[in-house]
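Down below is the structure, laid out as structure tokens.
The values are calculated or read from the model by the stated rules, or taken from the named source; none is laboratory data. All figures in this text were calculated on a predicted structure; none of them were measured in a lab. Please note: Cβ atoms are built from the backbone with ideal geometry, for glycine as well, and neighbour counts cover all protein chains shown.
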Amino acid sequence: MSLSEARFHDLVDATQQALEDLFDESGMDLDMENSAGVLTIKFDNGSTLIFSRQEPLRQLWLADKSGGFHFDYDEESKKWTCEKTDELLGEMLERIVWERAGEKLDFDEI
């Protein structure tokens, strides 16, 4: 069953807020901007993560220098899952943040 538009926006909003909170609490040196449903995180070394909502597909997209990743929300697990690799968003972010910033953050709740 496809997500309703309202449910999709609620999920993306909650996910982006959780990401902002997690990065804020980490004490990492970075800049964040959330505008028009796009969350951009810029690390002090120039690496950037961009999270955007793709409403027609009901997907959350992540852009990183390693590529673009499309995530579908799984109602059963309550997690965002990569369309191509089945990797959870939190797992991917743990790896990417470690590679980009050398920081270990816990994204289990994402």
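For this structure, a couple of remarks:
- Qualifying positions in segment 100-110 - without any contact (Cβ under 8 Å) to a residue 12 or more places away in the chain and either surrounded by 12 or more Cβ atoms within 10 Å (Cβ to Cβ) or in contact with a helix residue (DSSP H, G or I) (Cβ under 9 Å, 6 or more places away or on another chain) (or both): 104
- Scanning segment 53-72 for residues being touching a residue at least 24 places away in the same chain (Cβ under 8 Å), closer than 14 Å to residue 83 by Cα and more than 10 Å from the chain's Cα centre (by Cα) gives a total of 2.
- Residue ranges of strands (runs of 3 or more DSSP E) in segment 1-109 with at least 3 members of a type in the set (A, V, I, L, M) and either at pLDDT 95 or above or on the phi > 0 side of the Ramachandran plot (or both): 38-43, 59-64
- Residue in segment 72-90 that is touching a His at 6+ places or on another chain (Cβ under 6 Å) and either surrounded by fewer than 15 Cβ atoms within 10 Å (Cβ to Cβ) or of a type in the set (Ser, Thr, Tyr) (or both) present: yes
- Restricted to segment 14-30, and to residues there that are surrounded by 11 or more Cβ atoms within 10 Å (Cβ to Cβ), without any contact (Cβ under 8 Å) to a residue 12 or more places away in the chain and of a type in the set (D, E, K, R), the residue that is farthest from residue 90 (Cα to Cα) is 24.
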